[in-house]
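Since the structure comes first, as structure tokens, the remarks are kept for the end.
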Amino acid sequence: MTNFDFLKKIDNNLYEIITEAEKLYAAEFFEQSMGQTRRFGEQMCKCILKDSPLYDASFDEMLATLKDKAASIPEREFIDDLYFLKKQGNLSIHSSVVKRDGIAALECLKRAFEAAINYAVFYKKGNKSILKKQYDIELLVTGKRSLAEKYQSKKKSQKTPEVQCHTMKPKTKKPKFSIFWILVGISSVISGILMIMMMLL
């Protein structure tokens with residue numbers, strides 16, 4: 001299981017290239033992983049321009065052509081991601097010192113993931129539900145989906161039960177006075193008055 005499983009049915013060759021980049025990252029071969037993401041970006045350009053004379057052009061020329069044609073925001077984001085992969089890949093390949101930069105390599109994988117989603121949806125007319133996917137770092141490192149990802153997929157599959165809520169107001173009890181106690185009260189008052197009168201006489 002990888003972050004790029006959605007790409008397998010769309011383009012198996014691209015899927016193989018990018019999953020190799022993930023394997024290299026998990027094994028802490030960060031420079032090689034970045035080089036592989038650059039290769040992924042270049043091959044993706046070739047797939048888009050396969051019926052064009054630019055198929056055998058350099059990565060720079062292909063990117064420049066795609067940039068000129070980009071009209072929508074997703075297309076421009078796609079091109080930005082590819083430029084990033086090219087730049088970081090070139091730096092890692094041509095660097096004289098091994099930097100072992102895991103953060104930059106992870107950013108390359110994330111950008112490759114975003115580019116793959118745009119490629120799948122906008123160039124290969126894939127299912128738009130792919131656009132909701134997010135890069136899962138735990139899956140990259142352990143090969144298992146994170147709890148957050150599992151929770152989200154489980155939440156989608158379950159219907160939320162309707163909660164019925166009833167607001168009940170407690171009834172205020174009206175004080176009940178029995179006739180017996182009313183008579184007792186009246187007789188007590190009368191006997192009290194009579195006693196006072198007898199004392200005054």
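Accessible area per residue (1.4 Å probe, heavy atoms of protein chains only) ranks Asp101, Asp80 as Asp80, Asp101, with the largest value leading. Here the spin labels are modelled as points 7 Å beyond Cα on the Cα-Cβ line, and at Val141 and Glu28 they lie 1.3 nm apart.
Accessible surface of Glu61, taken over heavy atoms with a 1.4 Å probe and every protein chain present, rounds to 100 Å². Net charge near Ile10: determine it from the other residues with C-beta under 14 Å of the C-beta of Ile10, scoring Lys and Arg +1 and Asp and Glu -1. Around Ile10, the surrounding residues sum to +3.
On a full-extension model of 0.36 nm per residue, what is the gain between Leu91 and Asp5, subtracting their alpha-carbon distance, rounded to one decimal in nm?
On the way: separation 86, 0.36 × 86 = 30.96 nm, distance 2.79 nm.
Computed gain between Leu91 and Asp5 is 28.2 nm.
Starting from the Cα gyration tensor of the stretch 1-69, take the square roots of the eigenvalues, sort them a ≥ b ≥ c, and report rounded, prolate or oblate (rounded when a/c is under 1.5, otherwise prolate if a/b is larger than b/c, else oblate). Here the stretch 1-69 falls in the oblate category.
Is the C-alpha gyration tensor of the stretch 54-97 telling us rounded, prolate or oblate? Criteria: a/c under 1.5 is rounded; beyond that, a/b larger than b/c is prolate, otherwise oblate. Oblate. Beyond 27 Å between alpha-carbons counts as too far, so tell me which of Lys99/Lys128; Lys9/Lys46; Lys9/Lys133; Lys50/Lys87 fall in that bin. The pairs that break the limit, which is 27 Å between Cα atoms, are Lys99/Lys128. Shown are Ser129, Ser72, Ser33, whose ranking by accessible area with a 1.4 Å probe and every protein chain present, most to least, is Ser129, Ser72, Ser33.
Apply the a/c threshold of 1.5 to the C-alpha gyration tensor of the stretch 1-156 and tell me whether it is rounded, prolate or oblate.
oblate
Cys108 contributes an accessible area of around 0 Å² to the protein surface, as traced by a 1.4 Å probe with all chains present.
Using the Cβ-Cβ distance between Ile73 and Asn13 with R0 set to 25 Å, the FRET efficiency works out to roughly 0.35.
The values are calculated or read from the model by the stated rules, or taken from the named source; none is laboratory data. All of these numbers come straight from a predicted model, not from anything done at the bench. FYI the Cβ positions are ideal-geometry reconstructions off the backbone, even for glycines, and counts take in every protein chain you see. Remember, those area values only see protein heavy atoms, side chains included, never the ligands or the DNA or RNA. Shrake-Rupley method; radii C 1.70, N 1.55, O 1.52, S 1.80 Å.
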